[in-house]
Amino acid sequence: NLGAAHRRSVIGVGAVEASSEAHYLGAVERTFRPELINRLDRIIPFQELDASQIQRVAAISLERIKERRGFGEGKIALNISDEAVGVLAVRGTSPAYGARALRRSLEDHLIAPLARLLAPIKPEHRSGTVFVETPAAPPRSVQRSVIFGDLRLGFLQERKKVKREDSAIDQVLSLRKE
């Protein structure tokens, strides 16, 4: 990744941007001795990711988060709107480093707020759906929600179905019959 951080658009009258290969080859030649350069098989120029590619990288990272233990066991479903994916993707990228900081950004802007949202809920009641949306989205009816920057996280607890024959009312009625 030599030279990627310093690759910038050229500004000025009559300014001509050097080709990617020339830029990176120059960075390699300024940094390493010729003996080492001769041992390199290939120098691959850095290509900036566009917005749609960054959003795809964010979506893949979010799918991996959904596979984590707390979510993957099926107790909590994570529902992230496309707008929220876009917000997370923008937060995790920079012109100089691309999507390199995306993982850290997801930890800071999604995982940590999710932990704060779910921490007060008793573990035996942590089954349901977490919705991650932008505040512009219509609000949902949820048991617990938190706004963190440009995101709103809400937890909708799954209601446990009680079998009729196991309910306390049925037990009382059966005692009356006897």
Identify, please: which residue in region 115-139 is modelled with pLDDT under 85 and among the basic types (Lys, Arg) and is, among those, nearest to residue 79 (Cα to Cα)? 126
From the list 49, 36, 25, pick out the single residue that is open to solvent by 40 Å² or more (accessible area, probe 1.4 Å), among the aliphatic types (A, V, I, L, M) and part of a loop (DSSP other than H, G, I, E, B). 49
Scope region 86-128; condition in a strand (DSSP E or B) and either open to solvent by 40 Å² or more (accessible area, probe 1.4 Å) or out of contact with any strand residue (DSSP E or B) (no Cβ under 6 Å at 6 or more places or on another chain) (or both); matching residues: 94, 98
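Being in a helix (DSSP H, G or I) and at pLDDT below 80 is the filter; apply it to region 61-79 and report the residue that is most open to solvent (accessible area, probe 1.4 Å).
Among residues in region 61-79 that are in a helix (DSSP H, G or I) and at pLDDT below 80, the one most open to solvent (accessible area, probe 1.4 Å) is 69.
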Selection count, region 129-163, where residues are of a type in the set (Phe, Trp, Tyr) and in contact with a strand residue (DSSP E or B) (Cβ under 9 Å, 6 or more places away or on another chain): 2
Tell me which residues, restricted to region 129-145, are small (Gly, Ala, Ser) and assigned to a strand (DSSP E or B). 145
Could you check residue 154 against (1) at pLDDT 90 or above; (2) open to solvent by 70 Å² or more (accessible area, probe 1.4 Å) and say which number it fails? (2)
Looking at (1) modelled with pLDDT of 90 or more; (2) under 26 Å from residue 158 (Cα atoms), which one does residue 88 not meet, given that it meets all the others? (2)
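The values are calculated or read from the model by the stated rules, or taken from the named source; none is laboratory data. Quantities reported herein were computed from a predicted structural model and do not represent experimental measurements. Every residue, glycine among them, receives a Cβ derived from its backbone with ideal geometry; neighbour counts consider all protein chains shown. For the accessible areas, the whole protein counts, side chains as well, though only heavy atoms, and no ligand, DNA or RNA atoms are used. Shrake-Rupley method; radii C 1.70, N 1.55, O 1.52, S 1.80 Å.
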